[in-house]
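**Q** Structure below; questions to follow.
The values are calculated or read from the model by the stated rules, or taken from the named source; none is laboratory data. Small disclaimer: the values here were computed from a predicted structure and weren't measured. Cβ atoms come from the backbone with ideal geometry, glycine included; neighbour counts cover every protein chain shown. For the accessible areas, the whole protein counts, side chains as well, though only heavy atoms, and no ligand, DNA or RNA atoms are used. Shrake-Rupley method; radii C 1.70, N 1.55, O 1.52, S 1.80 Å.
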Amino acid sequence: MKFLKTDVLIIGAGGAGMYASIAAAQSGKNILLADKSLISRGGATVMAQMTVAAAVGHEEPDHWTHHLDDTIKSGQGLCNEELSSILCEEAVDRILEMSDWKTDWARKDNRMSQVMAPGHSVKRCCYVDFLNTGPAISRTLRGEVAKHSNIKRASGLNIIEIIVDNNIVKGAIGLDIETGSYITIDTNAVVLAAGGLTRIFSRNSASLNMGGDAYALALRAGAELIDMEFVQFFPIGHLAPRLVGMDPIMWDPFRYKLGGILLNGNREQFIENYGGADGKSYTVSRDLASYAIIKEVEAGRGSPNGGAWLSFEHVPKVELESAFGPIIKKLAENNIDLTKNAVEVSPIAHYHMGGIKVNTKMQTRIHGLFAAGEAVGGANGANRLSGNAIPEAFVFGKRAGQYASEYTCTKTILTTSDGVSALSKVLTKHKIDNILIKDNNDIRMTSIMKKLQDIMWNDVGVIRTRKSLTNALDLINNLNVNYFSKILPPDITVYNKQLMDWLDLRNSLLCAEAVCLSAYNRKESRGAHQMEDIPITLTEFEKNQVIEMNDGCLLTKWENVNKIEFKLKKKLQALK
Amino acid sequence: MNIFLDNKNTTTLKVFRGTDSNINDFNFFEVPFNDGASILDALNWIRENIDESLAFRYSCINANACKECMVLVNGKTKYSCTTRLSKETTTIEPLSNKRLIRDLVSDIVPPKEKL
Ligand SMILES: Cc1cc2nc3c(=O)[nH]c(=O)nc-3n(C[C@H](O)[C@H](O)[C@H](O)COP(=O)(O)OP(=O)(O)OC[C@H]3O[C@@H](n4cnc5c(N)ncnc54)[C@H](O)[C@@H]3O)c2cc1C
Ligand code: FES
């Protein structure tokens with residue numbers, strides 16, 4: 001077992017982790033920035049192709065308090081308003097800072113171009129052309145990180161456990177994927193910036209590394225999570241034909257710009273039957289579109305692959321070409337000609353509103369444990385405004401890095417043997433009650449993950465019922481007891497894919513249970529949590545649900561929502 | 001989407017295996033052939049259905065954003081996620097100008113990002 005020492009460990013190098021490392025580096029302390037993939041490439045940040053919301057007011061008059069109003073409205077009573085105000089106020093500074101760092105935001109006459117997006121009251125969303133926002137911001141941050149000699153970057157370092165003693169962070173253990181050796185990391189302060197969990201649903205926009213590590217690491221370290229039932233489903237994710245080289249959520253802006261029409265398997269318009277209006281406007285909410293598509297599929301009126309058709313066939317060719325720009329060529333490479341054929345779309349799991357519970361310093365209840373980015377819960381309540389996730393990564397990343405580097409404690413020294421004993425806990429529980437079943441196709445790591453994704457999609461997806469949720473809890477328990485606990489990864493060392501899968505599964509199974517249990521407890525419909533058998537929103541549930549792990553069991557409780565107090569609201573009003 | 005739902009047709013991938021680039025060890029895998037499927041889709045299908053130990057690198061799957069999935073396809077450097085499966089037998093090898101780690105995984109980590 002190797003041994004490393006650092007002042008601050010940052011887990012995950014997406015937008016949040018990189019921003020955190022840059023902020024932490026200002027303190028002059030030593031920072032270790034670890035990613036199980038490659039720095040800046042493994043998560044959602046690099047994949048984002050759309051927009052970033054910030055009230056810079058370049059396109060039309062705006063103020064961050066308006067952005068806050070929109071965010072709170074979209075969150076449907078559950079926003080931690082303190083976190084939401086930090087998000088909206090500091091988004092402006094971060095976007096301008098990124099501009100200083102040479103992010104090539106689309107501009108007109110030296111002012112940033114901003115567009116409208118669903119739920120925003122003004123044109124507020126910045127972008128980098130063409131569909132290049134994620135790669136561009138990743139490049140900027142990667143460059144800034146590299147300027148700091150006190151940031152040690154580690155690609156291929158998978159953090160598997162945080163070592164906590166008496167509610168104080170002592171360090172962590174990681175797997176060096178390339179060599180297969182385990183590493184003990186001695187550190188006071190840890191920032192969890194390991195992203196979201198949407199990979200646990202079979203239809204998703206996730207990368208390989210978005211199976212919920214941040215939440216599982218936090219739970220096992222003793223931190224609390226909130227609102228885990230709120231998973232955002234993006235209504236018209238790409239489903240078929242196979243489209244490679246494009247982010248599956250790419251259709252949205254074109255649909256609105258050009259009036260793309262949704263059709264069911266019988267080629268009939270159906271959104272109207274669910275109380276929405278289809279066509280050239282923002283009138284159909286994302287929730288309604290998702291709901292309508294799933295119901296059509298359930299009724300046997302889905303498209304061949306189980307979604308809906310999105311058609312641009314009525315749009316003149318010239319209009320299509322000018323709206324899509326270079327994207328038309330990419331579509332042609334995929335044999336997609338929008339003038340002749342419709343494509344199939346479906347709701348897909350896209351973002352997680354729930355997450356690690358933190359205060360305004362991004363601190364959890366465990367001393368020395370901080371969180372940032374999508375891993376954090378609360379700022380977006382029951383539904384996130386589009387464009388709010390990237391600013392969240394920047395703003396919370398910056399704060400977490402700053403406060404983590406300021407944090408100090410006097411702690412006992414961590415030794416390699418502490419690492420060895422923490423690691424043996426990860427692996428042994430398994431070894432004890434293990435009856436290894438070899439060569440059984442059902443008990444492959446990949447097939448357990450597939451089963452889990454199907455359970456989550458079918459029973460904990462866009463439309464839930466009490467029955468589907470109890471069913472899912474049973475099925476997940478069965479996966480744990482009868483499958484997961486019966487496999488162990490082989491002992492090979494160098495780049496052991498099965499070991500990586502096993503570590504992913506261990507976290508994803510825990511996250512799935514947390515999502516299901518929280519969803520089961522919320523006996524109402526609100527925002528992204530839609531219960532078919534309880535289609536009403538209830539005031540008694542205008543509460544945050546907190547979940548923690550105790551002795552291996554998940555426990556939940558309800559807490560009052562952190563609303564900004566009246567006096568502050570008045571002050572904000574005056575500012576407008 | 002299950003991209004291999006309709007798999008009447010198959011094709012063959014000849015895939016480099018092992019941790020020693022001096023030993024020419026290839027496995028032949030018969031995989032379903034579907035219009036539009038990528039080499040990465042087929043490699044994942046192999047892991048799910050034939051041999052879970054096969055090692056290759058990727059993150060983003062669809063967006064062609066992570067740039068981690070480069071391999072040699074019939075001797076040419078390609079992204080496995082955007083290269084389509086072909087009806088002819090296709091040879092997949094790790095990058096030849098990088099140190100081999102295992103199977104299709106080569107050392108593409110920038111020197112300053114190593115432990
Ligand atoms: C396809 C897509 C498009 C999107 N488009 C937009 C958009 O247009 N606008 C917007 O505002 N939001 C968008 N989002 C959401 C937004 O991109 C994310 O919420 C945001 O980028 C999250 O940043 P992050 O740094 O918290 O996490 P990520 O960028 O996901 O980074 C997390 C990192 O942690 C690493 N990691 C995970 N587990 C471990 C571990 N155990 N040890 C070490 N490292 C680990 C991962 O490899 C990854 O690199 C989109 C999301 C997706 C998936
Ligand atoms: S998998 Fe990300 S670019 Fe190929």
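**Q** At a probe radius of 1.4 Å, figure out the B/A buried accessible area, summed over both chains, and give it in Å² to the nearest 100.
**A** Separately minus together, B and A give about 3700 Å² buried.
**Q** Using a 1.4 Å probe on the protein heavy atoms, what percent of the accessible area of the stretch A:237-347 belongs to carbon and sulfur?
**A** 52 percent
**Q** Which whole-number value in Å³ per residue fits the convex hull of the alpha carbons of the stretch A:490-530?
**A** 69 Å³
**Q** Please give the residues of the stretch B:93-115, grouped as numeric ranges, whose backbone N is less than 19 Å from a label point set 7 Å along the Cα-to-Cβ vector of B:N22.
**A** B:94, B:96-103, B:107
**Q** Translational D (Stokes-Einstein, µm²/s) of the stretch A:436-533 at 20 °C and 1.002 mPa s when Rh comes from the Kirkwood sum over C-alpha pairs?
**A** Calculated translational D: 149 µm²/s.
**Q** Using a Cα-Cα cut-off of under 20 Å, which aspartates and glutamates could be cross-linked to B:K78, ignoring same-chain neighbours fewer than 8 residues away?
**A** A:D247, A:E333, B:D35, B:D41, B:E68, B:E88, B:E93, B:D103, B:D107
**Q** Cβ neighbours within 10 Å, averaged per peptide: list B:38-49, B:94-105, A:107-118, A:295-306 in order, most packed at the top.
**A** In decreasing order of mean packing, B:38-49, B:94-105, A:107-118, A:295-306 become B:38-49, B:94-105, A:295-306, A:107-118.
**Q** At 1.4 Å probe size, with every protein chain present, just tell me what the per residue accessible area of the stretch A:418-542 comes to in Å².
**A** I get 44 Å² per residue for this part.
**Q** What is the gain in length, in nm to one decimal, between A:I534 and A:N521 on full extension, counting 0.36 nm per residue of separation less the C-alpha to C-alpha distance?
**A** Here the answer is 3.5 nm.
**Q** Then there's this: With a 1.4 Å probe and all protein chains left in place, how much accessible area per residue does chain B have, in Å²?
**A** In whole numbers, chain B has 46 Å² accessible per residue.
**Q** State which entries of A:K295/A:K543; A:K357/B:K98; A:K295/B:K67; A:K108/A:K317; B:K14/B:K112 exceed 31 angstrom in Cα-Cα distance in the structure shown.
**A** A:K357/B:K98; A:K295/B:K67; B:K14/B:K112
**Q** Another question, then. Within chain A, what's the longest run with no chymotrypsin sites (Phe, Trp or Tyr not before Pro) in a DSSP loop and at most 16 other beta-carbon atoms within 10 Å? Give the range, please.
**A** A:283-576
**Q** Which one of A:G265, A:V8, A:L423 has its Cα pushed farthest toward the positive end of the charge dipole of the protein assembly as shown, where Lys and Arg give +1 and Asp and Glu give -1 at the Cβ?
**A** About the Cα centre, the residue reaching furthest to the positive side is A:V8.
**Q** Take every Cα pair under 8 Å in the stretch A:265-403 that's 6+ residues apart, average their separations, divide by the length, and report that relative contact order as a whole percent.
**A** 17 percent
**Q** Oh, and also: How much of the accessible area of the stretch B:10-107, in percent, comes from carbon and sulfur atoms when a 1.4 Å probe is used?
**A** Carbon with sulfur: 40 percent of the solvent-accessible area.
**Q** Could you tell me how far the Cα centroid of the stretch A:13-39 sits from the Cα centroid of the stretch A:290-313, in Å?
**A** What the calculation gives is 42 Å, centre to centre.
**Q** Please enumerate, by chain and number, the aspartates and glutamates with C-alpha under 16 Å from the C-alpha of A:K5, excluding those fewer than 8 residues away in the same chain.
**A** Within reach: A:E161, A:D176, A:D186, A:D418.
**Q** For the stretch A:130-263, count the residues as N, evaluate 2.2 N^0.38 Å, and divide the Cα radius of gyration by that value, please.
**A** Here the answer is 1.36, to two decimals.
**Q** Under 8 Å for C-alpha pairs, at least 6 residues apart: give me the relative contact order for chain A, rounded to a whole percent.
**A** 22 percent
**Q** If I model a spin label at A:K450 and A:T416 as a point 7 Å from the Cα along the Cα→Cβ vector, what separation in nanometres do I get?
**A** With each label placed 7 Å out from Cα toward Cβ, I get 4.2 nm.
**Q** Now a separate question. Using a simple charge model, +1 on the beta-carbon of Lys and Arg, -1 on the beta-carbon of Asp and Glu, nothing else, what dipole does the stretch B:10-107 show about its Cα centre, in debye to the nearest 20?
**A** With only Lys, Arg, Asp and Glu charged at Cβ, the dipole is about 380 debye.
**Q** Also, quick follow-up: Reachable aspartates and glutamates from A:K102, Cα under 16 Å, same-chain residues fewer than 8 places away excluded?
**A** Of all the aspartates and glutamates, those that pass the test against A:K102 - Cα under 16 Å, at least 8 places apart if same chain - are A:D93, A:D129, A:E144.
**Q** Moving on to the next point. Could you sort the residues of the stretch A:206-249 by number and keep only those whose accessible area is reduced by 30 Å² or more in the all-protein-chain setting relative to the chain alone, 1.4 Å probe?
**A** A:L208, A:L239, A:R242, A:V244, A:G245
**Q** Would you kindly state how much longer the chain becomes between A:N477 and A:E272 on full extension, computed as 0.36 nm times their sequence separation minus their alpha carbon distance, in nm to one decimal?
**A** That works out to 69.8 nm of additional length.
**Q** At q = 0.06 Å⁻¹, what log₁₀ I(q)/I(0) does the protein assembly as shown have when each alpha carbon counts as one equal point scatterer in the Debye sum?
**A** -0.31
**Q** Can you give me the accessible area per residue for the stretch A:237-347, using a 1.4 Å probe, in Å²?
**A** On a per-residue basis, the stretch A:237-347 sits at 41 Å².
**Q** Kindly identify residues of the stretch A:9-54 having a loss of at least 40 Å² in accessible area between the isolated chain and the assembly of all protein chains, probe radius 1.4 Å.
**A** Residues shielded by partner chains are A:L38, A:R41, A:M47.
**Q** Quick one: Debye curve from the C-alpha atoms of the stretch A:237-347, no solvent, what's log10 I(q)/I(0) at q = 0.14, 0.15, 0.16 Å⁻¹?
**A** Here log10 of I(q) over I(0) equals -0.52, -0.60, -0.68.
**Q** Using just the helices of chain A, give the 222 nm mean residue ellipticity in deg cm²/dmol: DSSP H runs with n ≥ 4 each add -39,500 (n - 2.57), and the total is spread over all residues, rounded to 500.
**A** Estimated from H runs of four or more residues: -11000 deg cm²/dmol.
**Q** How big is the gap, in Å, between the Cα center of the stretch A:168-232 and the Cα center of the stretch A:474-518?
**A** Answer, in whole Å: 14.
**Q** Which value in Å does the Kirkwood hydrodynamic radius of the stretch B:37-111 take, with 1/r averaged over all unlike C-alpha pairs and then inverted?
**A** 12.6 Å
**Q** While we're looking at this one, here's another question. Taking the Cα centre as origin and putting +1 on Lys and Arg beta-carbons and -1 on Asp and Glu beta-carbons, what dipole magnitude results for the protein assembly as shown, to the nearest 20 debye?
**A** Magnitude of the dipole: close to 1000 debye.
**Q** Report the label-to-label distance for A:A146 and A:I492 in nanometres (one decimal), using points 7 Å from each Cα along the Cα→Cβ vector.
**A** Taking the two extended label points, one gets 3.3 nm.
**Q** Follow-up. With an 8 Å Cα cut-off and a minimum separation of 6 or more residues, compute the relative contact order for the stretch B:10-107 in percent.
**A** 35 percent
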